[in-house]
Amino acid sequence: MDRVLLIEDDDIIGEMICMYLKEEGFIIHRCLNGKEGLASLHDFQPDLILLDLILPDFEGTELCNSLRSKTNVPIIIISSNSKVSEKIEAFTVGADDYLCKPFSMHEMKARIQVLLRRFKREQPIAAPPAPAREKVTVPAMELQINLEKRTLHVRGESIEMTFSEFELIRLLVEHPERVYRREDLINALRGFDSYINERAIDVHITNLRRKIEVNPKEPKFIKTVWGVGYKFVI
């Protein structure tokens, strides 16, 4: 069973989420503040994190950033703040999805399942992964992606990434020169049952450029195709 860490201090919402997810077959552990949430990463070892942005001891985005630095499991923000700027900031510090309160429990479950499916893609059991798929290397920029370990090295340096960032760079690198529309990238990250807007895609691309480009303002590898989307150039 999948393990969900809920960091939520509101008793009514917290209990509702716990009851619902338990009934749906999840193992759930609830923390009332950020300090407990950080400690539970090691003790509980969640497969996914549900994080409220308003907590008594942490600014939500600060805590999201701290969690992301310690784990690459999917993080879904739950917040009563529906401002686009707040969502963009959450994606920037490592969130993979954003749910605005009040929300449907069925929608929450659907988004959890979409992220878990993509995060925990099963490797073929009958045979080990083909060597060409285990690691993708771009000699021109000394970029190496290990698909099995979900790691990225740029010019010999290990790069920290969110789940969404890894999925994006893997997709782009595996299909160089192919132009992806923003709609294609949204579907690749979320599927058709979960929500992410075009602005969030732009934020992820900006973050990736900062991490892999020598000069992010003049990118050589992740190119913008104006009016269409993005492509990766070797």
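Of all residues in region 41-74, which are touching a residue at least 24 places away in the same chain (Cβ under 8 Å) and over 19 Å from the mean Cα position of the chain (by Cα)?
Scanning region 41-74 gives F44, I54, L55, P56, D57, F58.
With basic (K, R) and out of contact with any Asp or Glu (no Cβ under 7 Å at 6 or more places or on another chain) as the only criterion, which of K22, K35 stands out?
Working: K35 fails: out of contact with any Asp or Glu (no Cβ under 7 Å at 6 or more places or on another chain).
Within the list K22, K35, the selection yields K22.
Just to be sure I understand the filter: pairs with C-beta atoms under 6 Å, separated by 6 or more residues or on different chains, first member in region 89-107 and closer than 11 Å to T162 by Cα and of a type outside the set (S, T, N, Q), second member at pLDDT below 90 and in a loop (DSSP other than H, G, I, E, B). Which pairs pass?
Final answer for the pair search is G94/T162.
Run down K217, K149 and say which single residue is in a loop (DSSP other than H, G, I, E, B), under 19 Å from the mean Cα position of the chain (by Cα) and of a type in the set (K, R). Quick ask: steps written out before the conclusion?
Details: K217 fails: under 19 Å from the mean Cα position of the chain (by Cα).
From the options K217, K149, the qualifying one is K149.
For residues in region 145-155 being of a type outside the set (A, V, I, L, M, F, W, C) and modelled with pLDDT under 85, which is surrounded by the most Cβ atoms within 10 Å (Cβ to Cβ)? If you could, list the steps in order and put the result at the bottom.
Filtering region 145-155 for residues of a type outside the set (A, V, I, L, M, F, W, C) gives 146, 148-151, 153, 155.
Now drop any that are not modelled with pLDDT under 85, which leaves 146, 148-150, 155.
Numbers: N146: 13, E148: 11, K149: 9, R150: 15, R155: 11.
Among those that are of a type outside the set (A, V, I, L, M, F, W, C) and modelled with pLDDT under 85, it is R150.
Taking region 167-195, which residues are over 22 Å from N72 (Cβ atoms), at pLDDT 80 or above and either in contact with a Phe, Trp or Tyr (Cβ under 7 Å, 6 or more places away or on another chain) or surrounded by fewer than 17 Cβ atoms within 10 Å (Cβ to Cβ) (or both)?
H175, P176, E177, R178, V179, Y180, R181, E183, D184 - these are the residues of region 167-195 that are over 22 Å from N72 (Cβ atoms), at pLDDT 80 or above and either in contact with a Phe, Trp or Tyr (Cβ under 7 Å, 6 or more places away or on another chain) or surrounded by fewer than 17 Cβ atoms within 10 Å (Cβ to Cβ) (or both).
Among the residues of region 207-222, count how many are closer than 17 Å to Y180 by Cα, modelled with pLDDT of 90 or more and exposed (fewer than 15 other Cβ atoms within 10 Å of the Cβ).
0
Could you tell me how many of the residues in region 81-90 are within 19 Å of L55 (Cβ to Cβ) and surrounded by 15 or more Cβ atoms within 10 Å (Cβ to Cβ)? Reasoning before the result, please.
Applying the first criterion (within 19 Å of L55 (Cβ to Cβ)) to region 81-90 yields 81-83, 86-87, 89-90.
With surrounded by 15 or more Cβ atoms within 10 Å (Cβ to Cβ) added as a condition, the list becomes 81, 86-87, 89-90.
Result for region 81-90: 5.
Looking only at helices (runs of 4 or more DSSP H) that lie completely in region 1-74, which have at least 2 residues being crowded, with 16+ Cβ neighbours inside 10 Å and among the β-branched types (V, I, T)?
Details: elements: 11-23, 34-44, 60-70.
Passing ranges, in order: 11-23.
Hey, among L6, L51, L55, which residue is under 24 Å from R199 (Cβ atoms) and modelled with pLDDT of 90 or more?
Being under 24 Å from R199 (Cβ atoms) and modelled with pLDDT of 90 or more holds for just one of L6, L51, L55, which is L51.
Is one or more of the residues making up region 159-166 over 28 Å from M105 (Cβ atoms) and at pLDDT 90 or above?
Among the residues of region 159-166, not one is over 28 Å from M105 (Cβ atoms) and at pLDDT 90 or above, which makes the answer no.
So which pairs qualify, if the first residue must be in region 170-185 and farther than 10 Å from V228 by Cβ and in contact (Cβ under 8 Å) with a residue 60 or more places away in the chain, the second must be loosely packed, with under 15 Cβ neighbours inside 10 Å and of a type outside the set (A, V, I, L, M, F, W, C), the Cβ gap must be under 9 Å, and the two must be at least 6 apart or on different chains?
L172/R178
Are any of the residues in region 122-135 at pLDDT below 85, in a strand (DSSP E or B), out of contact with any helix residue (DSSP H, G or I) (no Cβ under 6 Å at 6 or more places or on another chain) and not assigned by TED's automatic domain parsing to the domain that holds I77? Give the steps one after another, and end with the answer.
Applying the first criterion (at pLDDT below 85) to region 122-135 yields 122-135.
Pick out the ones that are also in a strand (DSSP E or B) and you get 135.
Still in the running and out of contact with any helix residue (DSSP H, G or I) (no Cβ under 6 Å at 6 or more places or on another chain): 135.
Going one step further and asking which of them are not assigned by TED's automatic domain parsing to the domain that holds I77, we end up with 135.
Yes, because at least one residue in region 122-135 is at pLDDT below 85, in a strand (DSSP E or B), out of contact with any helix residue (DSSP H, G or I) (no Cβ under 6 Å at 6 or more places or on another chain) and not assigned by TED's automatic domain parsing to the domain that holds I77.
What are the residues in region 76-110 that are in a loop (DSSP other than H, G, I, E, B), out of contact with any helix residue (DSSP H, G or I) (no Cβ under 8 Å at 6 or more places or on another chain) and of a type outside the set (F, W, Y), if any?
Just the residues of region 76-110 that are in a loop (DSSP other than H, G, I, E, B), to begin with: 80-83, 93-96, 101-104.
The next check asks that each one be out of contact with any helix residue (DSSP H, G or I) (no Cβ under 8 Å at 6 or more places or on another chain); those that pass are 80-83, 102-104.
Those that are in a loop (DSSP other than H, G, I, E, B), out of contact with any helix residue (DSSP H, G or I) (no Cβ under 8 Å at 6 or more places or on another chain) and of a type outside the set (F, W, Y): S80, N81, S82, K83, P102, S104.
Quick one: which residue in F103, F119 is under 19 Å from L5 (Cα atoms), modelled with pLDDT of 85 or more and aromatic (F, W, Y)? Step through it out loud before you land on a result.
Working: F119 fails: modelled with pLDDT of 85 or more.
Going through F103, F119 in turn, the sole match is F103.
The values are calculated or read from the model by the stated rules, or taken from the named source; none is laboratory data. No experiment lies behind these values; they were computed from the predicted model shown. For neighbour counting, all protein chains shown are included, and Cβ atoms are generated from backbone atoms with ideal geometry for every residue, glycine included.
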